[in-house]
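The structure appears right after this line, and notes come after that.
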Amino acid sequence: MRELVFGPRRFGEIKTNLPGISANVLTQRLESLETAGILVRRRLPSPANVQVYDLTRWGHEAAPLMRDLGRWAARSPRHDPMAFMSGASAMMSLQTLVDPARVTDAEMTVAFAMPADHFVVRTGRDGVTVVRGAEDRADVAFTGDTMAMRRTIYGKEGFDREGTLALSGDPAIAQAFVDLFALPEKADAAATG
């Protein structure tokens with residue numbers, strides 16, 4: 001479901017972003033979600049003319065729940081912020097790990113160009129919104145993979161260095177964007193036992 005939050009995807013795109021899952025198991029899961037009314041299969045119009053999976057309106061209602069679960073999971077002492085993340089998962093992490101007190105005054109449009117996907121992130125009074133696609137008139141544009149995104153945004157390792165996001169645009173705006181996000185404190189080990 002997380003892979004479909006920002007729009008429809010082909011089977012191969014979903015599978016690529018779920019390493020370790022077999023085609024058979026993924027097919028079964030997609031069929032069960034379709035049977036439950038959470039997603040639909042449809043064909044994109046020409047010239048694409050490919051089958052995609054898309055969340056229903058009811059399926060989209062689960063997005064805030066996934067973000068809340070992600071925020072909770074990030075507090076685990078065993079959480080590895082550098083483990084594999086798909087582009088959709090990385091973008092959802094921005095919605096999950098934003099500091100609401102900082103985002104209210106920060107209106108920005110930020111483009112992310114990842115190897116297999118593009119996203120546009122907007123910040124402002126409505127918090128952080130993400131859409132799949134490209135944006136030519138963004139305040140800042142980042143290029144890199146999800147690991148570079150995590151090193152830049154959560155690791156605060158800067159821009160344009162090896163292993164971090166490449167930056168196009170105003171560095172001050174880019175830094176203001178990065179400053180909106182932080183990993184939460186880990187849960188007390190005594191509380192997890």
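Odds and ends about this structure:
- Gain on full stretching of the segment that runs from ARG75 to LEU26 - 0.36 nm per residue minus C-alpha separation: 14.8 nm
- Net charge dipole, the stretch 4-124: roughly 260 debye, given to the nearest 20, about the Cα centre with Cβ charges of +1 for Lys and Arg and -1 for Asp and Glu.
- Centre separation in Å (Cα based) which lies between the stretch 40-64 and the stretch 118-162: 24
- To put it simply, the accessible area of the stretch 34-191 at a 1.4 Å probe is 52 percent carbon and sulfur.
- Computed lengthening from ARG57 to LEU183, 0.36 nm per intervening residue step minus Cα-Cα distance: 42.4 nm
- Checking [x] 20.4, 65; [y] 23.3, 82; [z] 17.4, 57 against the coordinates, the calculated Rg and Dmax of the Cα atoms in Å falls under label [z].
- Note on surface exposure: MET92, MET147, MET1 rank MET1, MET147, MET92 by accessible area, highest first, 1.4 Å probe.
- For the stretch 136-185: rounded, prolate or oblate by the Cα gyration tensor [a/c cutoff 1.5]: oblate
- Given charges at Cβ of Lys, Arg, Asp, Glu: the chain dipole, positive-most of LEU55, ILE173, VAL40: VAL40
- Calculated mean residue ellipticity at 222 nm for the chain: -9500 deg cm²/dmol, from DSSP H runs with n ≥ 4 weighted as -39500 (n - 2.57), summed, divided by the residue count and rounded to 500.
- Across the chain, C-alpha contacts under 8 Å between residues 6 or more apart give a mean separation that, scaled by the residue count, equals a relative contact order of 18 percent.
The values are calculated or read from the model by the stated rules, or taken from the named source; none is laboratory data. As the structure is a prediction and not an experimental result, all values here were calculated from the model. Positions of Cβ are backbone-derived with ideal geometry, glycine not excepted, and every protein chain shown enters the neighbour counts. With ligands, DNA and RNA removed, areas are computed over all heavy atoms of the protein, side chains included. Shrake-Rupley method; radii C 1.70, N 1.55, O 1.52, S 1.80 Å.
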